[in-house]
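Step one of this worksheet: look at the structure below.
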């Protein structure tokens, strides 16, 4: 059954609110839940508040909050106000958060009380600050408003006609090559094309209960948050602490009777190896989705042995396209299989093309870089015209996004993922530009040279930093680790720090990364 | 204290060696003090802490509950050793 295209994600919330007003839409980590009519009303009040603070269509609103039903209401409220939300890890170092808020010039920020200083330290100051989780009686800085006060007013639904598919829904910041994170701009049309593809393939209904493991700044959350709402299902938020604890995760999936689970392979592996999954009742679970990194087949086999009933899908796609290829994992993973499963064929809302180094079609069996075109392909990078131009290849007037991923087309099973073309690596589902880590290391006053490489062993990505100092004594490893923790998110902190007299160089005096990579590989 | 119970100083040493080998290869043991903050300073992230917790469980034959694996008990070697001792004698 096909239906007319809608203009905005907001339409799906409002439609579900009228069809299923009393069903639960979102359940928080603390078990508090909002029905569809409550979520829609709360979002309306957020939009009313933003309008009263002159947040206009096209503006950006930041979000630095842990997961809660209020955070979800804020997201919908921002979109109801026709602004774009910019989710930021509320535990990320203050400097990084501030550089994002400043880069996209947020007009409002929703922030948890514990991260308030991050936002108040911004120059120029962010116009409106809404504080969640403030203790009763706590004194807030000037210009900051408590969530409870902000959502006191009603707001009528905006007429659907004023919304268009090309309005930005959200901006997701990813690692950038110049050391500054870059904002991937995604429109309602981008998100909708992906959501509608999910409807087609996974056939959700109002009885479904979606997990939401990914943080909101990670594009996996788009499926959880919006596919659920479109179909009148419920989405179950998992907080940071539970999200990293295999036994708690296993208990969560059982207790909430999750029917559709979506996370990175690392998390699924954590659950199968340490979560005692065999002891739980997962009879409700019908679909398991994973994306963000390669699932080592050994670990996938363990998962399928325990969770044999649910259908598993491998989803692939960078933030710039969301999921663009997928493959269904067979019911049993053969004992002898050692290669990871392919990333499969392009989804119905995308087209895929594999080009060789001369930009000619590589053809089946030959390695090439994967390019993606279609409705889910992002609008561009916020304020980064040069990088935006480099990201696309125009063929016959159509824009093709260069994923930078090297693949091989297997005529029978689709695309097989080979690796990153450049120096981006993925760890725990996060994309890391190794150069960003080097930039951070160079900020240390005693470091003269820094080179960062990665190596994969037993399916685990390890990051090694090679350093030289201007003069002895060298800083300790502990000191370097603490220094990095102040500059970078934890998944970017190197595993290994090695001091050398001078970095190895190639004949053209460039850092010899090949030698360093071999060294790191040998260091296992 | 019982005859066969492990001395708290020995526990600290075992923890120090494990943390050095696993998370800080190349660091000298003098720099990792009993009171060096590990979690609050970002030296150990949640994944690393998980590894440390399962090491502690298997090495000392105790069970660490999820609520005990926070920064109260796992930020410093001294605190972990205290927890282990309490669990062993308790």
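The values are calculated or read from the model by the stated rules, or taken from the named source; none is laboratory data. In this text, all values refer to a predicted model and were calculated from it rather than measured experimentally. Neighbour counts run over all protein chains shown; Cβ positions are idealised from the backbone, glycine included.
Details
- Residue, nearest to residue B:29 (Cα to Cα), within segment A:478-487, restricted to residues that are in contact (Cβ under 8 Å) with a residue 24 or more places away in the chain and over 21 Å from the mean Cα position of the chain (by Cα): A:480
- Candidates in segment A:447-467 are the residues that are buried (at least 16 other Cβ atoms within 10 Å of the Cβ) and over 31 Å from the mean Cα position of the chain (by Cα); of these, the one that is modelled with the highest pLDDT is A:447.
- Filter pass, residue A:203 being without any contact (Cβ under 8 Å) to a residue 12 or more places away in the chain, more than 25 Å from residue B:70 (Cβ to Cβ) and more than 14 Å from chain B (Cβ to nearest Cβ): yes
- Restricting A:158, A:132 to residues that are surrounded by 15 or more Cβ atoms within 10 Å (Cβ to Cβ) and at pLDDT below 90 narrows the list to A:158.
- Residue within segment A:488-510 that is within 24 Å of residue B:32 (Cα to Cα) and more than 14 Å from every other protein chain (Cβ to nearest Cβ) present: no
- Among (1) part of a loop (DSSP other than H, G, I, E, B); (2) within 12 Å of the chain's Cα centre (by Cα); (3) surrounded by 12 or more Cβ atoms within 10 Å (Cβ to Cβ); (4) more than 11 Å from chain A (Cβ to nearest Cβ) - the single one residue B:62 does not satisfy: (2)
- Flag if residue B:83 is more than 10 Å from every other protein chain (Cβ to nearest Cβ), touching a helix residue (DSSP H, G or I) at 6+ places or on another chain (Cβ under 8 Å) and under 22 Å from residue A:489 (Cα atoms): no
- Entirely in segment A:25-101, the strands (runs of 3 or more DSSP E) that have 2 or more residues that are assigned by TED's automatic domain parsing to the domain that holds residue A:128 and surrounded by fewer than 21 Cβ atoms within 10 Å (Cβ to Cβ): A:33-35
- Enumeration of residues in segment A:345-398 that are without any contact (Cβ under 8 Å) to a residue 60 or more places away in the chain and touching a helix residue (DSSP H, G or I) at 6+ places or on another chain (Cβ under 9 Å): A:350
- Counted as qualifying within segment A:240-308 are the helices (runs of 4 or more DSSP H) with 1 or more residues that are away from every other protein chain (no Cβ under 14 Å), namely A:246-255, A:265-274, A:297-306.
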